[in-house]
Number of protein chains: 4
Amino acid sequence: MPEPIPQAAIEAIVSAGRRMAERNWVPATAGNISVRLPGGRVAITRSGFHKAQLDAGAVMAVDMGGAPENPALRPSAETGLHCGAYRTFPDVGAVVHGHSIANTVLSRRAGDSIRLEGYELLKAFPGLATHEAAVEIPVLDNDQDIPRLQRAVEARWGNMAAPILPGYLIRGHGIYVWGPDMEAALARLEGLEFMLACELANLSINR
Amino acid sequence: MPEPIPQAAIEAIVSAGRRMAERNWVPATAGNISVRLPGGRVAITRSGFHKAQLDAGAVMAVDMGGAPENPALRPSAETGLHCGAYRTFPDVGAVVHGHSIANTVLSRRAGDSIRLEGYELLKAFPGLATHEAAVEIPVLDNDQDIPRLQRAVEARWGNMAAPILPGYLIRGHGIYVWGPDMEAALARLEGLEFMLACELANLSINR
Amino acid sequence: MPEPIPQAAIEAIVSAGRRMAERNWVPATAGNISVRLPGGRVAITRSGFHKAQLDAGAVMAVDMGGAPENPALRPSAETGLHCGAYRTFPDVGAVVHGHSIANTVLSRRAGDSIRLEGYELLKAFPGLATHEAAVEIPVLDNDQDIPRLQRAVEARWGNMAAPILPGYLIRGHGIYVWGPDMEAALARLEGLEFMLACELANLSINR
Amino acid sequence: MPEPIPQAAIEAIVSAGRRMAERNWVPATAGNISVRLPGGRVAITRSGFHKAQLDAGAVMAVDMGGAPENPALRPSAETGLHCGAYRTFPDVGAVVHGHSIANTVLSRRAGDSIRLEGYELLKAFPGLATHEAAVEIPVLDNDQDIPRLQRAVEARWGNMAAPILPGYLIRGHGIYVWGPDMEAALARLEGLEFMLACELANLSINR
């Protein structure tokens, strides 16, 4: 019988779902949220559950390859992307994925990255001490083959200078953001979504 | 004396009204919400009641033709559209109707459909396994003659390839969306409204 | 000693303030809310009180000319506009005044009216049975001389065909809307604000 | 051992954080909030605490030069700007700093000020009795050297005619607003943010 999921992990995920829902970042049953557990395990939202209304029954455990501990439960479709972040970056403790109007519209128009500069909020990202820095958020094409998508993500990470920005966009399919814990992941998500919303507003100015 | 409406049906409708109101999708007393009941009955919101503040007294029963079981109560003006969906699609368990800025503005500019493609959220709709599919949301002209409007809707369904998208727009008069139960109907509504909001934001970009 | 204000009137005003605040329609201490009381009296919000946080102490009584029953309390700066509606239209039971981005931006660009047509929500207004009607919302120039502004409003009403739309805009200074009771006034406010937000969104479309 | 912070000051700051968060004006851990205490002390939010979720442990005391009373605690990065307002204007009782889409986008495009005129809400600002006045909100370039930034702010105040507007923008880094107490500071913040949102909406109109 699999080990239970620690209560703190469940509460972090449930509460993250509510916060993301308050911003309308988890429409329909889209979005997913996970935390790293001890012993090479990951707690992640189950597929098809609305992230605004999570409870303990909506959270399940997978291994570092994304395989469910309880084969009767189906994890989020994008579990492989969460586990890819945990395997690649040992300090990552939580990963969040949401859809916003700004991240969807801008990713669809973007080439292979979106450049953000001149925002004080950039200071929140590792390696950026001032607002005069710029970040490039990687944008990758969507792909229903999640292992293939994860390989494309890792190839991008392989080509990026350190420190790597803790997030990326999938074209028309939202943002993935991570951090050492859930609070940091959510703060980084808020910061990136704020700056993307500013970019979209700026693009809509007409005079 | 008519059978009472099952409590679960009332709660589904009341709670759907609150969720739609939180998104400002039921302004004034607009919008309507229904569920299929056993025995050829439908529970639907009464006319003139604000959908943000529903209670058991705001919900009434009609037959599959839209006739009220209690003739002293007036059902939603668009009851005929809800019943038309229940009669045409035996698997439909709930129908929701709301007004959003995006669905109103885009339907007024549209021809006879709005095309959505390249959105991951399209995967939520029957028959669409990938984001590379596209859907055409039918747009019909508004009409105060509800039986005539329903015939126009059914004529469109008659001309559409299966699987038929579980929703349509009435020009300047909001969206109708359905599903096997209220949760599914609301999830589909959220998904369509999200994509329409993205379309509107994209049309507002100026450079 | 003046008669107390009926509890129902206080609750209607307090709750209207909260609903308008949830939509961000009463920024800073702007906006005002009133109800007609028996005996030629009006209950209205006191000047300088934030409408999101009203309580019984924030509501006072004035006569039909706007004079406070308790001279130590200062009524809303625009009390004269509320009383003007009550004197002119005997069926009016409540008046609400709020500021929205849409009503502010559109009124500043408008000539002497804003035309709304093709919206199903127009059906909520007296005399408009179908969506094919149009309404012209009067727009008047702002004026710190409230009696003079009220005379300008009454001159417009004198020139309008019946039924007169239950609302008007003051350029850069929000909307005034009334109805037979608070629920109707708030529903009409929601409907007009929804349609104005649609107009603004439509004007922002770029392709 | 330093004097405790009065409970009223803590509650004012905690509740201001919640109100600003409801408007999405304190994304990630950005923003800061302070009140003047008796005896030359200032209570201010600690660095790195999310302003939506403040409690007594998130509030600390500094002196009028910004030095922490408890050297183990780190005050907000912009403490120097708050203390600068308290030193320069003896009547200031509270200072709030937030980031909004409007204030970020508009400050980045602005020269050294943003002009607001024709808004009724301008009446809320000292020295402006009518809507026909105009205000110029100073815009200063961002600077990680806070003492240098505060000197630039004071140089602007030195060049402005009285009464000085109780606020300024830092390019890409939000707004600073103050008032005699927290309620007044928040009301002025709401008013300025409302007008900036109107300006942004007006710039996005395309026809």
**Prompt:** Quick one: is residue B:185 within 18 Å of the chain's Cα centre (by Cα), under 21 Å from residue B:27 (Cβ atoms) and of a type outside the set (Val, Ile, Thr)?
**Reply:** yes
**Prompt:** Mind checking which residues of the range B:118-130 are open to solvent by 20 Å² or more (accessible area, probe 1.4 Å), under 16 Å from residue B:167 (Cβ atoms) and within 14 Å of chain A (Cβ to nearest Cβ)?
**Reply:** B:123, B:124, B:126, B:128
**Fill in**
Filtering the range B:13-33 for residues that are in contact (Cβ under 8 Å) with a residue 60 or more places away in the chain and assigned to a loop (DSSP other than H, G, I, E, B) leaves a count of 7
**Request:** Would you please name the residue that is farthest from residue A:25 (Cα to Cα), looking only at residues in the range A:68-114 that are charged (D, E, K, R) and within 14 Å of another protein chain (Cβ to nearest Cβ)?
**Result:** A:109
**Asked** Among the residues of the range C:131-155, how many are open to solvent by 30 Å² or more (accessible area, probe 1.4 Å), part of a helix (DSSP H, G or I) and in contact (Cβ under 8 Å) with a residue 24 or more places away in the chain?
**Response** 2
**Request:** Using the structure shown, decide if residue A:95 is surrounded by 23 or more Cβ atoms within 10 Å (Cβ to Cβ), over 23 Å from residue B:183 (Cβ atoms) and not basic (Lys, Arg).
**Result:** yes
**Message:** Of the conditions (1) under 14 Å from the mean Cα position of the chain (by Cα); (2) not in a helix (DSSP H, G or I), residue A:104 satisfies every one except a single condition; which number is it?
**Reply:** (2)
**Message:** Residue under question is residue B:196, and the condition is that it be surrounded by 21 or more Cβ atoms within 10 Å (Cβ to Cβ), within 13 Å of another protein chain (Cβ to nearest Cβ), assigned to a helix (DSSP H, G or I) and more than 16 Å from the chain's Cα centre (by Cα); does it hold?
**Reply:** no
**Message:** Looking for something within 26 Å of residue B:200 (Cα to Cα) and more than 10 Å from every other protein chain (Cβ to nearest Cβ) - is there at least one such residue anywhere in the range A:144-156?
**Reply:** no
**Whichever residue in the range A:64-76 is among the small types (Gly, Ala, Ser) and buried (at least 16 other Cβ atoms within 10 Å of the Cβ) and, among such residues, is nearest to residue A:192 (Cα to Cα)** = A:76
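One line per residue, one yes/no per condition, for (1) more than 14 Å from residue A:98 (Cα to Cα); (2) at pLDDT 95 or above; (3) in contact with a helix residue (DSSP H, G or I) (Cβ under 7 Å, 6 or more places away or on another chain); (4) aromatic (Phe, Trp, Tyr):
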position	(1), (2), (3), (4)
A:1	yes, no, no, no
A:13	no, yes, no, no
A:29	no, no, yes, no
A:35	yes, yes, yes, no
A:43	yes, yes, yes, no
A:46	yes, yes, yes, no
**Fill in**
For the range D:73-126 the number of residues that are under 30 Å from residue C:76 (Cβ atoms), of a type outside the set (Ser, Thr, Tyr) and in contact (Cβ under 8 Å) with a residue 60 or more places away in the chain is 16
**Message:** of a type in the set (Asp, Glu), surrounded by 23 or more Cβ atoms within 10 Å (Cβ to Cβ) and modelled with pLDDT of 95 or more: is that true of residue C:183 in this structure?
**Reply:** no
**Item:** Residue among D:88, D:79 that alone is surrounded by fewer than 19 Cβ atoms within 10 Å (Cβ to Cβ) and of a type in the set (S, T, N, Q)
**Value:** D:88
**Asked** Restricting the search to the range D:156-183, which residues are part of a helix (DSSP H, G or I) and more than 18 Å from residue D:83 (Cα to Cα)?
**Response** D:159, D:183
**Prompt:** Quick check: is even one residue across the range A:34-44 open to solvent by less than 40 Å² (accessible area, probe 1.4 Å) and in a helix (DSSP H, G or I)?
**Reply:** no
**Message:** Any residue that is closer than 23 Å to residue B:157 by Cβ and in a strand (DSSP E or B) - is there at least one of those in the range B:82-91?
**Reply:** no
**Complete:** Sole miss for residue A:178 among (1) under 26 Å from residue B:200 (Cβ atoms); (2) touching a residue at least 60 places away in the same chain (Cβ under 8 Å); (3) buried (at least 19 other Cβ atoms within 10 Å of the Cβ) is condition (1)
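The values are calculated or read from the model by the stated rules, or taken from the named source; none is laboratory data. Every value quoted in this text rests on a predicted model; they were computed, and no experiment measured them. Methodologically, a virtual Cβ is constructed for each residue, glycine included, from the backbone with ideal geometry; neighbour enumeration extends over all protein chains shown. The protein model used for the area step is the full one, side chains on, heavy atoms only, and it has no ligands, DNA or RNA in it. Shrake-Rupley method; radii C 1.70, N 1.55, O 1.52, S 1.80 Å.
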